[in-house]
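A.B. asks: Sharing a structure with you now.
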Amino acid sequence: QYIDILMKDGKKRSFSIANAPHDDAFIELHIRHQPGGSFSDYVFNTMKEKEIMRFKGPLGSFFLREDSDKPIIMVASGTGFAPIKGIIEHAIHQGITRPIVFYWGARTPADLYLAEMAGQWQAQYDNITFIPVVSDALPEHNWQGRTGFVHQAVLDDFASLAGYQVYACGAPVMVEA
């Protein structure tokens with residue numbers, strides 16, 4: 001699910017909610033700094049602690065479908081990780097043991113900004129597999145993992161997605177692919 005932050009100039013910016021429903025003390029948002037971006041420049045350069053902002057939400061229908069027994073494939077690119085994080089944390093909290101294979105794609109290893117968290121899920125829970133995929137790794141990154149586009153990694157690993165629940169979030173071109 002997501003919220004729309006209502007800006008003073010009348011514009012709105014939509015951000016996915018990154019925390020699980022049971023973790024509701026704060027709303028967690030993952031915001032990438034886009035230099036020149038009117039909202040992200042404001043957040044990273046001007047916003048003050050405890051500043052009051054208006055928002056509308058929650059909106060959308062991107063949440064875990066708990067009434068299924070199908071295994072789950074989750075695909076994220078960039079900050080599309082935010083709602084996937086909330087869904088996985090909710091599944092863990094609910095004791096869901098269906099297999100979850102989580103693919104997270106980014107341009108560089110550094111763009112996988114919470115990879116340690118995803119790695120901990122895999123280490124701690126037998127039903128969770130984490131597969132990071134980097135598209136633009138350079139030799140100095142010393143990347144040893146999967147390379148290419150994240151959606152292609154999924155298609156390479158699964159001949160058919162028919163028997164799975166698939167959750168995809170991130171760049172529209174990735175979700176459409």
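The values are calculated or read from the model by the stated rules, or taken from the named source; none is laboratory data. The structure presented is a predicted model; accordingly, all values stated were derived computationally and were not measured. For neighbour counting, all protein chains shown are included, and Cβ atoms are generated from backbone atoms with ideal geometry for every residue, glycine included. Side chains are part of the model used for accessible areas, which takes the heavy atoms of the whole protein and leaves out ligands, DNA and RNA. Shrake-Rupley method; radii C 1.70, N 1.55, O 1.52, S 1.80 Å.
A.B. asks: Are there any trypsin sites (Lys or Arg not before Pro) in segment 22-79 that are in a DSSP loop and have at most 16 other Cβ atoms within 10 Å? List them by number.
C.D. replies: Working: sites: Arg32, Lys48, Lys50, Arg54, Lys56, Arg65; in loops: Arg32, Lys48, Lys50, Arg65.
When the trypsin sites (Lys or Arg not before Pro) of segment 22-79 are filtered for loop state and at most 16 Cβ neighbours within 10 Å, Arg32, Lys48, Lys50, Arg65 remain.
A.B. asks: OK, next. Step through the residues of segment 151-162 one at a time and calculate ³J(HN,Hα) from phi using the Karplus curve (6.51 cos²θ - 1.76 cosθ + 1.60, θ = phi - 60°), rounding each to whole Hz and writing x for Gly and Pro.
C.D. replies: Those phi angles translate into 5, 5, 4, 4, 5, 5, 8, 10, 5, 9, 9, 4 Hz.
A.B. asks: Another one. Between Lys8 and Asp23, how many nm apart are label points set 7 Å from Cα along the C-beta direction?
C.D. replies: 3.2 nm
A.B. asks: For segment 81-92, just list the computed ³J(HN,Hα) in residue order, Karplus coefficients 6.51, -1.76 and 1.60, θ = phi - 60°, integers in Hz, with x standing in for Gly and Pro.
C.D. replies: 4, 3, x, 4, 4, x, 5, 5, 4, 5, 4, 4
A.B. asks: Specify which residue in the list Val133, Ala118, His30 is farthest towards the positive end of the charge dipole of the chain, using unit charges on the beta carbon of Lys, Arg (+1) and Asp, Glu (-1), about the Cα centre.
C.D. replies: His30
A.B. asks: On to the next question. From the helices alone, meaning DSSP H stretches of at least four residues, give me the mean residue ellipticity at 222 nm for the chain, per-run term -39500 (n - 2.57), in deg cm²/dmol to the nearest 500.
C.D. replies: Working: 5 runs with 45 residues, N = 177.
Only helices count here, giving -7000 deg cm²/dmol.
A.B. asks: Rounded to the nearest Å, what's the spacing between the alpha carbon centres of segment 28-98 and segment 131-166? Just the number, please.
C.D. replies: Between the Cα centre of segment 28-98 and that of segment 131-166, the gap is 21 Å.
A.B. asks: Helix 115-124: angle to the longest alpha-carbon principal axis of the chain, degrees 0 to 90, nearest 10?
C.D. replies: Between helix and principal axis, roughly 40 degrees.
A.B. asks: So for the chain: antiparallel DSSP bridges make up what percent, rounded to the nearest 5?
C.D. replies: 35 percent
A.B. asks: Per residue, how many Å² of accessible area does segment 79-171 show with a 1.4 Å probe? Spell out each step's value before the answer.
C.D. replies: Values: 4720 Å² over 93 residues.
Per residue, segment 79-171 has 51 Å² of solvent-accessible surface.
A.B. asks: Another question about this same structure. Can you give me the % of accessible surface on the chain that is carbon or sulfur? Probe 1.4 Å, all protein chains present, nothing else counted. Don't jump to the answer; show the numbers that get you there.
C.D. replies: On the way: 5600 of 10530 Å².
That share works out to 53 percent.
A.B. asks: What GluC sites (Glu not before Pro) in segment 1-53 are in a loop by DSSP, with at most 12 other Cβ atoms within 10 Å of the Cβ?
C.D. replies: Values: sites: Glu28, Glu49, Glu51; in loops: Glu28, Glu49, Glu51.
Of the GluC sites (Glu not before Pro), the ones in loops of segment 1-53 whose Cβ has at most 12 other Cβ atoms within 10 Å are Glu49, Glu51.
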